[in-house]
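Data block below; observations after.
The values are calculated or read from the model by the stated rules, or taken from the named source; none is laboratory data. Just so it is clear, the model here is predicted, and its values are computed rather than measured. No Cβ is skipped: glycine too gets one built from the backbone with ideal geometry, and neighbour counts run over all protein chains shown. Accessible surface areas use protein heavy atoms only, side chains included; no ligands, DNA or RNA. Shrake-Rupley method; radii C 1.70, N 1.55, O 1.52, S 1.80 Å.
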Amino acid sequence: MKAVKGCVALITGGAAGIGLQYAKELLRNGLRAVTLADISEERGNRAVDEINKEFGKNRTIFVRTDVTDREQFTEAFESTVNTFNNIDILVNNAGIMNDEVWEREIGINFVGTVIGCLLALDHYIPKYRTKKEGVIVNVASTTGLEVFGALPIYVATKHAVVGLTQSWGSESHYNRTKVRFLTLCPGPTDTTLALDGLDKNLGPAYQDIFKDSQPFVTLQDPKHVAKALTHAIQYGKNGSIWVAEDGKPPYEVVMPPKEKMKKSL
Ligand SMILES: NC(=O)c1ccc[n+]([C@@H]2O[C@H](COP(=O)([O-])OP(=O)(O)OC[C@H]3O[C@@H](n4cnc5c(N)ncnc54)[C@H](O)[C@@H]3O)[C@@H](O)[C@H]2O)c1
């Protein structure tokens, strides 16, 4: 795949779940190397073993990183350029779905994404990219495009990621930075986050809302979301938003201008 071939990527939360599938799918499509930046050392080492077995050695490193910590995030970029000489693609994927610890949730899902974008934009991608253009994919969720009363704070972090990415995805920034911004919005997907997360809310009232609103959710395979990511990187225009849900092909959504959202009297 042209947009990926020979490039180097850094994926946060890349040691497990959808993040690990992003790494493998990008490698399958010609990525030269990938850094897995994840808070879990155990999952990180296991993921490196898996990638070594499937793709051979020297294609990946694990850097223990808490994305809420700017120094650790910087270290992940430093290790990437020291090991692979380049960085072209950042996937801000690390996230939790746990409104019980909502300050931490905002920290990981939103502040971590901001830190990653600032480091990539201001320091690393312009200096170390292989090609003329760099790419930042911020992972939101279909909940970032709608409302879901059972998890208001998780949903808000994902709305924030959509707004952030659209704003940096404007043409004025692209002309300045030559970094393409994409938003990826997965629907419910078969990972630990989805299986455990729905009980992690603000209390019984929120649990009841969940039971009433979404009694049956089908979880798609993470590999499906990974294919959507490579599709978006290959075909997505700067600022575009991509949805991957129900195991179906990804599709693009366009935010309507506010005038079109005006309620008719
Ligand atoms: N699974 C779903 O249904 C679903 C749906 C929509 C969006 N998403 C989003 O996709 C992303 C990945 O989710 P997943 O389902 O693969 O979850 P997951 O729990 O399977 O994997 C998340 C990874 O992030 C890592 N992580 C957690 N906190 C971190 C931190 N502070 N710093 C660095 N790494 C950290 C974890 O160790 C783990 O390896 C998240 O942003 C999530 O909100 C998931």
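Observations on the structure shown:
- Among the chymotrypsin sites (Phe, Trp or Tyr not before Pro) in the range 187-224, those located in a DSSP loop and surrounded by at most 16 other Cβ atoms within 10 Å of their own Cβ are 216.
- Share of carbon and sulfur in the accessible heavy-atom surface of the chain [1.4 Å probe, %]: 54
- Here each label is just a point 7 Å from Cα along the line to Cβ, and for residue 28 and residue 101 those points are 3.2 nm apart.
- Between 135, 253, 91, the Gaussian network model of the chain with springs among Cα atoms under 10 angstrom shows the greatest mean-square fluctuation at 253.
- For the range 113-229, size of Cβ-based charge dipole, Lys and Arg +1, Asp and Glu -1, in debye: 800
- Between residue 213 and residue 146, the contour length at 0.36 nm per residue exceeds the Cα-Cα span by 22.8 nm.
- In a DSSP loop and with at most 11 other Cβ atoms within 10 Å, the trypsin sites (Lys or Arg not before Pro) in the range 81-133 are 132.
- Full extension of the chain segment joining residue 131 with residue 166 gains 10.3 nm, where the gain is 0.36 nm per residue of separation less the Cα-Cα distance.
- Using alpha-carbon coordinates, inclination of helix 41-55 to the longest axis of the chain, degrees: 60
- Fluctuation leader among 239, 203, 163 - the chain, Gaussian network, Cα springs under 10 angstrom: 203
- Placing a pseudo-label 7 Å from each Cα along the Cα-to-Cβ vector at residue 50 and residue 205 gives an inter-label distance of 4.0 nm.
- 0 to 90° range, to nearest 10: angle between helix 70-84 axis and the chain longest Cα axis: 40
- The spread of Cα positions in the chain, taken along each principal axis and listed from longest to shortest, comes to 55, 43, 35 Å.
- Accessible area of the range 116-265 divided out per residue, in Å², using a probe of 1.4 angstrom: 54
- Loop trypsin sites (Lys or Arg not before Pro), the range 195-265 (other Cβ atoms within 10 Å of the site Cβ: 13 or fewer; DSSP): 237, 262, 263
- Using C-alpha pairs below 8 Å separated by at least 6 residues, the relative contact order for the chain is 18 percent.
- The distance between label points at residue 71 and residue 251 comes to 4.8 nm (points 7 Å beyond Cα on the Cα→Cβ vector).
- Full extension of the chain between residue 118 and residue 258 gives 47.6 nm of extra length, using 0.36 nm per residue less the Cα-Cα distance.
- Accessible area in the full protein assembly, largest first, 1.4 Å probe, for 102, 242: 102, 242
- Using alpha-carbon coordinates, inclination of helix 204-213 to the longest axis of the chain, degrees: 90
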